[in-house]
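So the structure is just underneath, and the comments pick up after that.
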Amino acid sequence: MLNENIKAIRKSKGLSQEELAIKLNVVRQTISKWETGLSVPDSDMLIALSEVLETPVSILLGETIDEQKIDDLIVISEKLGVINQQLAKRKTTRRKIFHWCFISLCALIVINFAILFVMNSPYLGWDYSRSETAVIGVGFHALEWLFVRLSPIVLIGAIGGVVLTREKR
């Protein structure tokens, strides 16, 4: 395994046996013996080899490099594909929820306007001489006044939200 890894990493770095030997201050035959498995570098030479090849010693001593990297890339790309699908699904679901919330808000505002129109402001006919009905009448009047002033702005915003969250084809 060490011999295969030394050879694979050396080739991936674009170095010949001679060039690697010069950088390590050894003869080319030493590199050849390491790569064919006839000998192994000592611990000091292994550290120097890892520095020259810019590769951790653990990778030099580990399993074959090419197969491991390809398998890792395939696994990572599959995981990224699944994550992208999940994110796209979540985004679509969130968009649909917002879309229906905006539609519901528009419907609620229109229904409230219809109810106020049909009821014709019932608090105007109330008996304000009694304190209980006076307080309720003033409360309803304040809510209706606030609704009539704010609901057109909210309705325009909700319609804009419906348009912006619609499904694009």
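FYI, it's all coordinate maths here, none of it is from the lab. Please read these numbers as outputs of a predicted model, since none were measured by experiment. When we count neighbours, we look across all protein chains shown, and the Cβ atoms used for this are built from the backbone with ideal geometry, even at glycine.
At a glance:
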quantity	calculated
Where labels lie 7 Å past Cα in the beta-carbon direction, separation of ASN112 and LYS89 in nm	3.7
All lysines inside 16 Å of LYS79 as judged from Cα atoms, apart from same-chain residues fewer than 8 positions distant	LYS69, LYS89
Formal net charge of residues neighbouring ASN25 (Cβ-Cβ distance under 14 Å; K, R +1; D, E -1)	-3
Reachable lysines, given that their alpha-carbon falls under 21 Å from the alpha-carbon of LYS23 and they are not under 8 places away in the same chain	LYS7, LYS11, LYS13, LYS33
Residue-averaged [θ]222 nm for the chain, counting only DSSP H segments that reach four residues, each worth -39500 (n - 2.57)	-26500 deg cm²/dmol
Between 0 and 90°, nearest 10: helix 2-12 axis offset from the chain longest Cα axis	70
Whole-percent pair-distance distribution, where bins are 5 Å wide, for the alpha carbons of region 92-164	3, 15, 19, 17, 13, 11, 9, 6, 4, 2, 1, 0
Paired Rg and Dmax values of the chain, which use every Cα atom, in angstrom	38.1, 113
Residues ILE9, ILE74, ILE103 arranged by fewest to most Cβ contacts within 10 Å	ILE74, ILE103, ILE9
Integer Hz, Karplus 6.51/-1.76/1.60 couplings in order for region 92-101, x for Gly and Pro	5, 4, 4, 4, 5, 4, 4, 4, 6, 5
Approximate shape of region 2-63 as ellipsoid semi-axes (Cα gyration tensor, √5λ), whole Å, largest first	15, 13, 12
Helix 43-52 vs. the chain, principal-axis angle (Cα, 0 to 90°, nearest 10)	60
Relative contact order (percent, whole number), the chain, Cα cutoff 8 Å, 6+ residue spacing	21
